[in-house]
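Structure first, commentary second.
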Amino acid sequence: MRGLIRFITAGAASAALLFGAAPAVLADGPVQVDVGGAGDATFLPDNGTGGLTDTKPADKRAHTFFSRTVANPIPNEIWYTARHLESTYELTGLTAGGTYELRLYFLDWYFTRPGQRVFDVDVNGTRVLSDFDIIGTAVAAGADAPLTAFGVEKDLAVTADENGKVRIDFVRGKVNQPQVNAIALVPAS
């Protein structure tokens, strides 16, 4: 389907998704990706490469808005899809050298205890999260895992490269494989 273009409105910005490629976004507004999912009116459909997509089983309990670990809530439906194993996302069409807030959303319904999934995240070739443990982060903030999966948001300041691109690599770490549920990129204020 290469060459087909679909336009989606995401907040104040319009985003174009070229099937088989990364989304192009306007520099004046956010872009949000429904990792592992089909997207909605404000989230682009998944367009990552590598890994496998997954959907939260109905019998797994989840608390997606845990105020100690989620500063910017997203809809539950977006939390309930994911991509696991090593994967890459490229957000393009940004202002070269522009600064943005990258929001990564994680919800682990497969593993139930800290230390069972520990991975790294690189942005434009630089390690931004080392030995990241979704459940460990939630438990350290007071979550009562393993009974319920808790949403975790990590906000990172990033700079678009000289080509106006932010590349996010989810990298296998010490234990098991990475997983991510949603990505948002917001112009820094």
**Request:** Multiply the residue gap between Lys165 and Leu85 by 0.36 nm, knock off their C-alpha separation, and tell me the result in nm, one decimal place.
**Result:** 26.5 nm
**Request:** Could you rank the peptides 175-184, 40-49 by their average count of other C-beta atoms within 10 Å per residue, with the highest value first?
**Result:** 175-184, 40-49
**Item:** Computed magnitude of the charge dipole of the stretch 67-189 (debye, nearest 20; Cβ of K, R +1, Cβ of D, E -1)
**Value:** 200
**Complete:** The local net charge around Gly37, scoring Lys/Arg +1 and Asp/Glu -1 for residues other than Gly37 whose Cβ lies under 14 Å from its Cβ, equals -3
**Message:** For Leu107, what accessible surface area do you get with a 1.4 Å probe? Give it in Å², rounded to 10.
**Reply:** 0
**Item:** Reach of Lys60 by Cα under 17 Å, taken over aspartates and glutamates that are not fewer than 8 positions away in the same chain
**Value:** Glu77, Asp108, Asp144
**Item:** Reachable lysines, given that their alpha-carbon falls under 21 Å from the alpha-carbon of Lys56 and they are not under 8 places away in the same chain
**Value:** Lys154
**Message:** I need the calculated FRET efficiency for the pair Arg113 and Thr42, taking r as the beta carbon distance and R₀ as 30 Å, to the nearest 0.05.
**Reply:** 0.35
**Prompt:** Just the accessible area for Thr95, please: 1.4 Å probe, Å², rounded to the nearest 10?
**Reply:** 70
**Asked** Just the accessible area per residue of the stretch 90-130, please: how many Å² with a 1.4 Å probe?
**Response** 40
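Please report, as a whole percent, how much of the solvent-accessible surface of the stretch 31-139 comes from carbon and sulfur atoms (probe radius 1.4 Å).
49
The values are calculated or read from the model by the stated rules, or taken from the named source; none is laboratory data. On a predicted model such as this, the values are computed, not experimentally measured, just so you know. Glycine also receives a Cβ, built like all others from the backbone with ideal geometry; neighbour counts cover every protein chain displayed. Remember, those area values only see protein heavy atoms, side chains included, never the ligands or the DNA or RNA. Shrake-Rupley method; radii C 1.70, N 1.55, O 1.52, S 1.80 Å.
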